[in-house]
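To keep things clear, I will list the structure first and then write my remarks on it.
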Amino acid sequence: MGFISLKDWRARSAGLAQAAARAKSLLRPALVLREADALSVNEIACADPGCPDVETVVLVMRAGEPTRALRFRGPLDDLDEAAARVLAAEEVRLREA
């Protein structure tokens, strides 16, 4: 792993924060979250065989329910409305299980 300057790290962090905010704005209505519900979106490296280099983990925290983890097989920047609908459908299946 190479050296990364503080300036580069801050720029990457700001970019990820913007991408996370955009993803949340797509996911909140798709998941039909209420005011008391919370959502966490993080881009992580995945070293497992058959896993993309980067994936996005979405934690759905509905008030009074267990937290559910959803995975999008790609970076935050690739999460679009169609992906948000797929993740919402997956969360519905998990809630019904």
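The values are calculated or read from the model by the stated rules, or taken from the named source; none is laboratory data. Keep in mind that what you see is a predicted model, and the values were worked out from it rather than measured. Don't worry about glycine lacking a Cβ; one is built from the backbone with ideal geometry, like all the others, and counts go over all protein chains shown.
Key figures
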item	result
All positions within the stretch 8-37 that are touching a Lys or Arg at 6+ places or on another chain (Cβ under 8 Å) and surrounded by 11 or more Cβ atoms within 10 Å (Cβ to Cβ)	A30, L33, D37
Scope the stretch 1-36; condition under 15 Å from the mean Cα position of the chain (by Cα) and not in a helix (DSSP H, G or I); matching residues	L33
Members of the stretch 47-83 found to be at pLDDT below 95, surrounded by fewer than 15 Cβ atoms within 10 Å (Cβ to Cβ) and small (G, A, S), listed by number	A47, G50
Test for I44: is it part of a loop (DSSP other than H, G, I, E, B) and surrounded by fewer than 15 Cβ atoms within 10 Å (Cβ to Cβ)	no
